[in-house]
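The values are calculated or read from the model by the stated rules, or taken from the named source; none is laboratory data. Because the structure is predicted, anything quoted here is derived from the model rather than measured. Positions of Cβ are backbone-derived with ideal geometry, glycine not excepted, and every protein chain shown enters the neighbour counts.
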Amino acid sequence: MAYWQHWRKRAQIKGDVVFFSYTTPGIEKESSQVFVWDLDKTYLDTSIDSLSGLLQTIVEKANNKKNVPGTRVLLQRLSRRTQMAIRDQDPHFPIYFISASPPQMEERIIEKMAFDKLHPLGFFFKDNLKNLKPGRWWRLTKQVGFKIQALLQLRTRLREDVRQIFWGDDSESDAIIYNLYSDICARRLSTNSLRYVLEDLRCTSDQIDEILLLQSQIPVRDPVEKIYINLAQDTDPDYYLKFGRRTLPTMNTFQVALDLYQFGFLDLNDVYEVANNMMTEYDFTAEELMVSFSEFLRRGVLHQKIYQKLKPYFCEKGLLHPSFEPDMPLITDETVIHDPWIPDNIDYLNDFR
């Protein structure tokens, strides 16, 4: 098949990192806001952390690939609003996907994206099939070096003042990866400290050298605005407190939509469409979604004025009973919601969950 034989002709390859671009450098540097979405367990319901899961993902047809509940509608709505904000004639959505899946899957995944009416600017894959040999098995599931290198390569392609919003999950150290990328961009770690952390996280010497080289080529500026972590493995949300407020663990896509509404990326109808998709296609109940809503309120994620807009709307849609009241006081200070609170020093090496 063609996609097994000819992907190298269309890709940019550096070590394990394989990049496919679907636009021009001019378009890439036009967007002031860029989204970066991990593919596996964050957008598609796939598992690549075992050999059998990896092989199944490779052979699975595009129309059989399943979305994480609600993500298709969420990205369609986000894409529509973002395209309107940038320029109507450009069909692309300023989003990049990153996956530890092998690049041989690229055509099938892009075919799946077309089914979902999404047109990303680019896609990063990991050249993982070459790790299917003795002495390299361990590299199949070690993603820190690959992902950080990919993110830094992406950073060199974007405008200096870009702001980035990230999605990941709790199965591949994504919170560590995205926050470490932030520290690398902002130069919060010395070269020696960074090298020590990367070595401890099982990055290879080639990956470390490339990461340090890429760091020297990017502005001294932190582009990270928000990090969403899908709790696919039910990690305790409190674990993520050490990364600061801008790293937000979420139980499901509905919670992501609530926070994106709070920050002006979605409107109320968009939030409802995500909820409706989860109920009609994935058997979520209104009660389950409202439990997620209550959990967000208890964690202090939503501001009081946002709650005051959401409650009557949810009541109107039949999702929430008019007698509902939060079981604890809500945040009224806007500086708390909008302050990302980034710790000076994050403990990357002790992963207590």
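Details
- Inside segment 171-187, residues that are polar (S, T, N, Q) and in a helix (DSSP H, G or I) make up a count of 2.
- Qualifying residue in segment 155-169 (condition: buried (at least 20 other Cβ atoms within 10 Å of the Cβ) and basic (Lys, Arg)): yes
- Test: residue in segment 9-24 that is modelled with pLDDT under 85 and assigned by TED's automatic domain parsing to the domain that holds LEU151: no
- Qualifying residue in segment 35-48 (condition: modelled with pLDDT of 70 or more and part of a helix (DSSP H, G or I)): no
- Extreme residue, farthest from the chain's Cα centre (by Cα), among residues of segment 296-332 that are within 14 Å of ASP259 (Cα to Cα) and touching a residue at least 40 places away in the same chain (Cβ under 8 Å): LYS309
- Filter result (modelled with pLDDT under 95 and among the basic types (Lys, Arg)) within segment 180-236: ARG202
- Inclusion of PRO102 among residues that are out of contact with any Ser or Thr (no Cβ under 6 Å at 6 or more places or on another chain), over 26 Å from MET279 (Cα atoms) and at pLDDT 70 or above is warranted.
- Number of residues in segment 17-32 that are outside any loop (DSSP other than H, G, I, E, B) and either under 16 Å from PHE97 (Cβ atoms) or among the aromatic types (Phe, Trp, Tyr) (or both) equals 6.
Conditions (1) touching a residue at least 24 places away in the same chain (Cβ under 8 Å); (2) in a helix (DSSP H, G or I); (3) within 26 Å of LEU151 (Cβ to Cβ); (4) assigned by TED's automatic domain parsing to the domain that holds LEU152, marked per residue:
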| site | (1), (2), (3), (4) |
| --- | --- |
| LYS226 | yes, no, yes, yes |
| THR235 | yes, no, yes, yes |
| TYR240 | yes, yes, yes, yes |
| ALA257 | yes, yes, yes, no |
| VAL274 | yes, yes, no, no |
| MET279 | no, yes, no, no |
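- Every pair of residues 6+ apart whose Cβ atoms lie under 6 Å, when the first sits in segment 204-221 and is outside the structural domain of ILE177 (by TED's automatic domain parsing) while the second is surrounded by 12 or more Cβ atoms within 10 Å (Cβ to Cβ) and acidic (Asp, Glu): none
- Single unsatisfied condition, LEU152 versus (1) under 22 Å from ASP351 (Cα atoms); (2) assigned to a helix (DSSP H, G or I): (1)
- Considered as a group, the residues in segment 263-293 that are surrounded by fewer than 15 Cβ atoms within 10 Å (Cβ to Cβ) and polar (S, T, N, Q) include one that is nearest to GLU325 (Cα to Cα), and that residue is THR285.
- For segment 241-253, the tally of residues that are of a type outside the set (A, V, I, L, M) and under 14 Å from TRP167 (Cβ atoms) stands at 6.
- Restricting segment 105-145 to residues that are of a type in the set (D, E, K, R) and over 19 Å from ASN67 (Cα atoms), the residue that is modelled with the highest pLDDT: LYS126
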